[in-house]
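First comes the structure, then the notes that go with it.
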Amino acid sequence: MNDCATLWGNDMSDVKHHLTDALLMSYGAGTLREGYGLVVATHVSLCDDCRARLESFEAIGGSLMDDVNSIELSEDALDATMALIDAAPAFQTRKIEADRVLPGPVQDYVGGDLKDVRWRAVGGGVRQAVLKTKDETKVRLFSIPGGTAMPNHGHRGLELTLVLQGAFRDEEDRFGLGDVEVATEHTHHTPVAEEGEDCICLAVTDAPLRFKGLIPRIAQPFLGI
Amino acid sequence: MLTAIANTEQVDQAGAIRRLRRIRSSKNETRVDMKEKAAANDNWIALIEKVRDAKDRAAFAALFQHFAPRVKAFLMKSGAVESLAEECTQDVMATLWTKAHLFDPSRASASTWVFTIARNKKIDALRKMRRPEPEDLTWGPTDEPDAADVMSLRQESAKLSAAIAKLPEKQRELIERAYFGDLSHSEIAEVTGLPLGTIKSRIRLALERLRHAMG
């Protein structure tokens, strides 16, 4: 780690699981759905490699816009724009608390840091908080005590899970701070939080999770997962 | 018989030379085009700096004249009716003024930066969803982007534009659909043949220098 290690978004050489090209390209194009966009924005805040990849996808957009057949504006458009500029409030930088656990994009949704999250117990020491989106993607924060397993589940759509604290393992791999797990309907897995501090994850789906056991299935509508 | 073969070879050779000349001249055209694009980008960067440092209205008017009609076209291609596109374009250009200090020419060309502002406006006005944004990496008060980074990024951006211009029609169309709006992320296949690797490593380098400056 370099001397910037205390900064968020530092050279996170530990990030092993990155975003896919398709996710970065649709975020860059502005077509990605909200919940997935939150995962992209958060991961990019933690990973310079993916930030550079995203910015190269944005360069494609810049090139395309450069070569588009331009459409003239109305005659008074420049004056109207100058009037907008004169009336605009001074630019404000986004305020992000120092010593935080949650990266800026997640803080925007929580309205604060980890201490401000309004958790609900979902059993086995696991807690979750639903973060509201304006579209059909479903965003949750999970807090899983070290050593605890999440219920075995499959997916109907795409599920992205981003680790914000601690780590978890499933049958295939280990996911630590900043890592993104991309799961599709073909993935059936049982993530287990690593021993140690609680594992905090941001999880986004576009369809309800599919649990294998009967009890989680009955509880599902009540838990909202 | 032998002569005939020799003749054919000569003809082939002549053809090959013609083909080579054609390729060379198209390469030259691309090179000229790339030079022009890079030079234009230098000009836009200088104008954005004037807006940032001196609130220069003439510089802004020149930027407006170039970028506003392109932003409007982009928004209309993305599904905005003309009146909405006009209104949003004015907002986009006003944002260019208020955020001029955030433009980093070692990480984006002027066109790319304007595109990201227009894209954000498209999401806000057309899609009406919240727009999660990464944390900014802003310059400290005294830091200026490294001139060598700015130079290499300008070259890579020009190369990328040239590569996009030369794509087969079908592939180009697909990329346009991805950026102007109706391809879902699962429909986006890998983008092959575009020199994204080099542009990415240039941006990566600029980010490293920025981190170093901030640390």
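The values are calculated or read from the model by the stated rules, or taken from the named source; none is laboratory data. Owing to the predicted nature of the structure, the values given are computational and were not obtained by experimental measurement. Note that each Cβ is placed from the backbone with ideal geometry, even for glycine, and that neighbours are counted across all protein chains shown.
Identification of helices (runs of 4 or more DSSP H) wholly contained in the stretch B:57-170 with 3 or more residues that are touching a Cys at 6+ places or on another chain (Cβ under 9 Å) yields B:57-77, B:110-122. Residues that are farther than 22 Å from B:HIS185 by Cα and at pLDDT 80 or above within the stretch A:191-225 comprise A:PRO191, A:VAL192, A:ALA193, A:GLU194, A:GLU195, A:GLY196, A:GLU197, A:ASP198, A:CYS199, A:ILE200, A:CYS201, listed in sequence order. Tell me which of these A:ALA129 doesn't satisfy, since it passes every other one: (1) more than 7 Å from chain B (Cβ to nearest Cβ); (2) at pLDDT below 90. (2) is the only condition that A:ALA129 fails. On the stretch given as the stretch B:167-190, residues that are under 26 Å from B:SER106 (Cβ atoms) and surrounded by fewer than 19 Cβ atoms within 10 Å (Cβ to Cβ) total 0. Apart from one condition, B:ILE164 fits all of (1) over 29 Å from A:VAL110 (Cα atoms); (2) among the aliphatic types (A, V, I, L, M); (3) surrounded by 16 or more Cβ atoms within 10 Å (Cβ to Cβ); (4) more than 8 Å from chain A (Cβ to nearest Cβ); the exception is (4). Could you go through the stretch A:87-95 and let me know if any residue there is of a type in the set (A, V, I, L, M, F, W, C) and facing another protein chain (nearest Cβ under 7 Å). The answer is yes; a qualifying residue exists. The sole residue among A:ALA121, A:ALA87 that is modelled with pLDDT under 95 and touching a strand residue (DSSP E or B) at 6+ places or on another chain (Cβ under 6 Å) is A:ALA121. Set side by side, the residues A:VAL106, A:VAL110, A:VAL130, A:VAL101 differ, and just one is touching a Lys or Arg at 6+ places or on another chain (Cβ under 7 Å) and closer than 20 Å to A:THR42 by Cβ, which is A:VAL130.
Is it the case that the stretch B:64-71 has a residue that's surrounded by fewer than 16 Cβ atoms within 10 Å (Cβ to Cβ), modelled with pLDDT of 95 or more and closer than 27 Å to A:SER70 by Cβ? Yes. Just one of the listed residues (A:GLU75, A:GLU55) is over 20 Å from B:LEU126 (Cβ atoms) and either at pLDDT below 95 or more than 7 Å from every other protein chain (Cβ to nearest Cβ) (or both), namely A:GLU75.
One line per residue, one yes/no per condition, for (1) over 26 Å from B:ALA46 (Cα atoms); (2) free of Cβ contacts under 8 Å to residues at least 40 places away in the same chain:
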position	(1), (2)
B:ASP136	no, yes
B:ASP149	no, no
B:SER161	no, no
B:LEU174	yes, yes
B:GLY181	yes, no
B:SER186	yes, yes
B:LEU196	no, yes
B:ILE203	no, no
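The sole residue among B:PRO145, B:PRO134 that is facing another protein chain (nearest Cβ under 7 Å) and over 14 Å from the mean Cα position of the chain (by Cα) is B:PRO134. Within the bounds of the stretch A:54-69, is there any residue that is over 20 Å from B:VAL114 (Cβ atoms), among the hydrophobic types (A, V, I, L, M, F, W, C) and surrounded by 21 or more Cβ atoms within 10 Å (Cβ to Cβ)? Scanning the stretch A:54-69, I find no residue that is over 20 Å from B:VAL114 (Cβ atoms), among the hydrophobic types (A, V, I, L, M, F, W, C) and surrounded by 21 or more Cβ atoms within 10 Å (Cβ to Cβ), so the answer is no.
With respect to (1) modelled with pLDDT of 90 or more; (2) charged (D, E, K, R); (3) within 24 Å of B:PHE67 (Cβ to Cβ), the lone exception for B:ARG204 is condition (3).
Assessment of the stretch A:100-110 against the conditions (surrounded by fewer than 22 Cβ atoms within 10 Å (Cβ to Cβ), more than 9 Å from every other protein chain (Cβ to nearest Cβ) and part of a helix (DSSP H, G or I)) yields at least one matching residue. Just checking, which of A:GLY28, A:GLY35 is in contact with an Asp or Glu (Cβ under 6 Å, 6 or more places away or on another chain), in a helix (DSSP H, G or I) and more than 7 Å from chain B (Cβ to nearest Cβ)? None of the others qualify; the one that does is A:GLY28.
Looking at B:ILE188, B:ILE203 in this structure, which one is in contact with an Asp or Glu (Cβ under 8 Å, 6 or more places away or on another chain), facing chain A (nearest Cβ under 8 Å) and under 21 Å from A:ASP66 (Cα atoms)? Step through it out loud before you land on a result.
Numbers: B:ILE188 fails: under 21 Å from A:ASP66 (Cα atoms).
Checking each option against the conditions leaves just B:ILE203.
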